[in-house]
Amino acid sequence: MQARSALFDVYGDHLRARGSEAPVAALVRLLDPVGIAAPAVRTAISRMVMQGWLESVQLDGGRGYRTTARADRRLDETGRRVYRREAPAWDGHWHLAFVSPPSGRTARARLRAGLTFIGYAELADHVWVSPFERAELGSVLDREGASATTARADRFDPPPTGAWDLAALRLAYDGWLRASDDLVEQHLGAHEDADEAAFAARFHLVHEWRKFLFTDPGLPPALLPGDWPGRAAAELFAGAAGRLKPGADRFVARCLDG
């Protein structure tokens, strides 16, 4: 697990509701139970500051870091998708983005990853499709020096669901249903302190579930088969995360209090 990714998880899942800020010492304490060492935490913080995700603030507990407005938008959107809340109703239209990509190979790769993360798939060369217009599209394009012309389509024959690898996504959800209980129990048993164990178990649960953001576009139910395993997987995740939350919250409060 990368320290940068772990910090995003901590800010999004625990600190967003606590002012989106924490002293460096608290961040180190929070990430210790999940195996992220202090030097890696500090290096990741510095990189996230340079990338515009964090900003330095002076807190009662010492020097700390707060998420930027850009990071808050990303964390809020990610939270909605992780916990499958406020799912928009689909009006039957598709959103198309005809993208003019940047010239550099690295920037193009980052753009592809960013568009995939927010729920688009490439339907044809430089033509990206999503069942919903994504609020982050403009910022993803701007960051990589790209631009796009957008359109709404009211009819596809057949529907463009083949732009996503739904067979692989089904297998991934089936695997989640088989493995998630063991994932939780493994981390609950690795810590003597019950609240620390709940935090570590919930952290790893959310971290693994969050990976579906890179593969699951959140297609409307009408476009998915009746036996789609993503529904059962989401229910299992929500139940496990909810059971672990009280203990995890107590551990976070202890870390923030020093």
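The values are calculated or read from the model by the stated rules, or taken from the named source; none is laboratory data. No experiment lies behind these values; they were computed from the predicted model shown. Here the Cβ positions follow ideal geometry from the backbone for every residue, glycine too, while neighbour counts run over all protein chains shown.
Just a few scattered comments:
- Extreme residue, surrounded by the fewest Cβ atoms within 10 Å (Cβ to Cβ), among residues of segment 202-229 that are touching a Ser or Thr at 6+ places or on another chain (Cβ under 9 Å) and within 30 Å of residue 33 (Cβ to Cβ): 214
- Within segment 26-38, residues that are outside the structural domain of residue 60 (by TED's automatic domain parsing) have Cβ atoms under 9 Å from residues that are at pLDDT below 95 and acidic (Asp, Glu) in no pair, counting only partners at least 6 apart in sequence or on another chain.
- Pairs with Cβ under 6 Å, 6+ apart, first in segment 125-136 and of a type in the set (Phe, Trp, Tyr), second at pLDDT below 90 and part of a loop (DSSP other than H, G, I, E, B): 132/88
- Criterion: out of contact with any Phe, Trp or Tyr (no Cβ under 6 Å at 6 or more places or on another chain), within 22 Å of residue 79 (Cα to Cα) and part of a helix (DSSP H, G or I) - qualifying residue of 219, 177, 171: 177
- Looking across 102, 131, one residue alone is buried (at least 20 other Cβ atoms within 10 Å of the Cβ) and either on the phi < 0 side of the Ramachandran plot or among the basic types (Lys, Arg) (or both). It is 131.
- Filtering segment 150-185 to residues that are surrounded by 13 or more Cβ atoms within 10 Å (Cβ to Cβ), closer than 22 Å to residue 237 by Cα and either touching a Lys or Arg at 6+ places or on another chain (Cβ under 7 Å) or not acidic (Asp, Glu) (or both) leaves 166, 169, 170, 172, 173, 176, 177, 180, 183, 184.
- Scope segment 34-51; condition under 16 Å from residue 255 (Cα atoms) and surrounded by fewer than 21 Cβ atoms within 10 Å (Cβ to Cβ); matching residues: 34, 35, 37, 38
- Residue that is farther than 23 Å from residue 212 by Cβ, surrounded by 15 or more Cβ atoms within 10 Å (Cβ to Cβ) and at pLDDT below 90, where the choices are 96, 75, 59: 59
- Looking across segment 1-55, the residues that are more than 19 Å from the chain's Cα centre (by Cα), of a type outside the set (Gly, Ala, Ser) and closer than 21 Å to residue 184 by Cα come down to 29, 32, 33.
- Index of the failed condition, residue 257 passing every other in (1) within 28 Å of residue 18 (Cβ to Cβ); (2) surrounded by fewer than 18 Cβ atoms within 10 Å (Cβ to Cβ); (3) at pLDDT 90 or above: (3)
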